[in-house]
1. Please state the charge dipole magnitude for the protein assembly as shown, taken about the Cα centre, from unit charges on C-beta atoms (+1 on K and R, -1 on D and E), reported in debye and rounded to the nearest 20.
2. Net charge within 9 Å of residue A:183 by Cβ-Cβ distance, Lys/Arg positive one each and Asp/Glu negative one each, not counting residue A:183 itself?
3. Go through B:89-100, A:220-231 and give me the packing order, highest mean Cβ count within 10 Å leading.
4. Using protein chains only (no ligands, no nucleic acids) and a 1.4 Å probe, work out which residues of region A:126-146 have their accessible area cut by at least 40 Å² relative to the chain alone.
5. Given R₀ = 41 Å, what would the calculated FRET efficiency be for residue A:227 paired with residue A:4, taking r from the Cβ atoms and rounding to 0.05?
6. Please compare each pair in A:87/B:225; A:155/B:283; B:85/B:156; A:199/B:262 to a cut-off of 30 Å on the Cα-Cα distance and tell me which ones are over it.
7. Checking the cross-link filter: which aspartates and glutamates have an alpha carbon closer than 13 Å to that of residue A:198, excluding same-chain neighbours under 8 positions apart?
8. Quick one: net charge around residue B:191, please, counting Lys, Arg +1 and Asp, Glu -1 for every other residue with C-beta under 14 Å from its C-beta.
Amino acid sequence: MKAEFLIAGDSAISIELDQEISLAVNAKIGALEQAVLARNIPGVTELIPSYRALMVCYDPCEIWGEDLIRICREITDSMEEDLGTGKTGRTFEIPVLYGGELGMDLHEVAEHEGMEEEELIRVHSSYPAHVYMFGFLPGMGYMGSKNGFTVPRKKSPRTRVEGGSVVVWKDQSIILPNTTPTGWQVIGHTPVVIFDLKKETPFLFQPGDEIRFVPVDEKTHAEIAEQVKAGTYRCRVFPSAE
Amino acid sequence: MGIYVERPGMLTTVQDAGRFGYQKYGISPCGALDQRSFRWANLLVGNDARAAALEVTVMGPVLRFTTPAVAAITGADMAPTLNDKPVGSYRAFRAKEGDVLKLNLRKTGCRAYIAFSGGLDVPEIMGSHSTYLRCSFGGLDGRALKAGDEIAFLPKTPPEDPEKRVVPAESFASQNVTIRVIPGPEKASFTEKGYETFFGSEYTVTGQSDRQGLRLDGDVIEHVKDDNIISNGIAYGSIQVPGDGKPIVILADRQTTVGYTKIGTVISVDLPLLGQLVPGMSKIRFRKAELYEAQKLYREQEMAFRFLERIMG
């Protein structure tokens, strides 16, 4: 597998693949992460996968950077180019109240895409989004689909968007794990909690999972919010369609 | 019990060596920004190197001991006093129940560390006691100390002769600092002129600097094309250069992934210096370093700490 090895200081290297956001490249990163873990290299302290790169953090006392690069190169040399799509085969259903007060950019986004609001909701919710990686905030998954949207970021980022908001940029979507500034377009809100420290598994989904957004009305949104508060809500998870 | 906070100081938080293993989930490592001073403080009071301590920023707290203890202060000089008498840094001292420890306005450096024998008793989250301010968890309820807070010490027999426990002080008197940097990872994104500017200029640490990063002001750094990359992981001490050409040195509370090109990464032994730079005041120059040299320096430092930790106990 073709790969570039970059030095990021004395305690981390970055293994980089093709410059693209795609299932194929992301799948290779997922496989590379597993291969590096399996190799159990002494001194490796942490792995940070992203769209098309894997950062390998290490203790400079336990291993020399050059040796780490040599071992990782052995690993990539032994890997195929075609490693599938990286899908885990699980799809999570996320109920979303689109538009209204909590989805204030819905109209603007629909206008940009040349659609009515209903059509935009239909399109956004009919393409499942693939979780590529986490970053920026705990449990914040970067998800992409083939919905064809081209909408840019906002010219002036908002300083405060509610946790649970569903925000979009081009064909990427993000569910905000908590209240945060963002320049992405806010089109809806889910009452489902995607990052909860109090749970044994704090993260609802993982890279490789799929997210299906399901439009719900205000009443259902409020009911689910109550269940989430009471701790009785269970997110629907099912095997992904082929 | 521990300490009672009479006055919290400007920004005092519970920190330890950091929260590792979860960056892939978007969780910043946090931890003490000056890991060297933090480690000295724990060594002086006989703690494990990773025990939770207080990180004090610019203006210090007033703390009352609610139990006898052994403590030590390192890092920035904030003219500490115990019951209004100077108590000194880089040396352990004994405190009785009711004693009042006061740290004042910084005279040198930016951050001081106060370690207490046993370490601070706060819940461990994902293997660490560090405070994650941006996400409000870890440390003491995910926030800075407030007046009225009480934090207990974990039980541990304190060292017998605290007065004998003294180590050489690191001085932070100079606010013009040279920081060693290994070029990359995105070397190809910068022109030769860009690198000349980066290693040849003096940068000011602006007031918009905090535990997430140091925003620098100075000569603009030239990119080959543009500043964007597909978001990927970032190492502690990496230096991002967005489109405006002004570098940002990434620190402990960083976002775990970024989409801007990175011109270089500060070497590990110089990372603690970054935590002692004062926003709005300090100036930095960068000097080119090499991977092998940087790792050797880190190994030497680590060997020295482990040796002292073993013989001082």
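1. Here the size comes out at about 1640 debye.
2. +4
3. Highest-to-lowest ranking by the protection proxy: B:89-100, A:220-231.
4. Those are A:134, A:136, A:138, which lose 40 Å² or more relative to the chain on its own.
5. 0.30
6. A:87/B:225; A:155/B:283; A:199/B:262
7. List returned: B:124.
8. Value of the local net charge: -4.
The values are calculated or read from the model by the stated rules, or taken from the named source; none is laboratory data. In this text, all values refer to a predicted model and were calculated from it rather than measured experimentally. FYI the Cβ positions are ideal-geometry reconstructions off the backbone, even for glycines, and counts take in every protein chain you see. All accessible areas refer to the heavy atoms of the entire protein, side chains included, with ligands and DNA or RNA removed. Shrake-Rupley method; radii C 1.70, N 1.55, O 1.52, S 1.80 Å.
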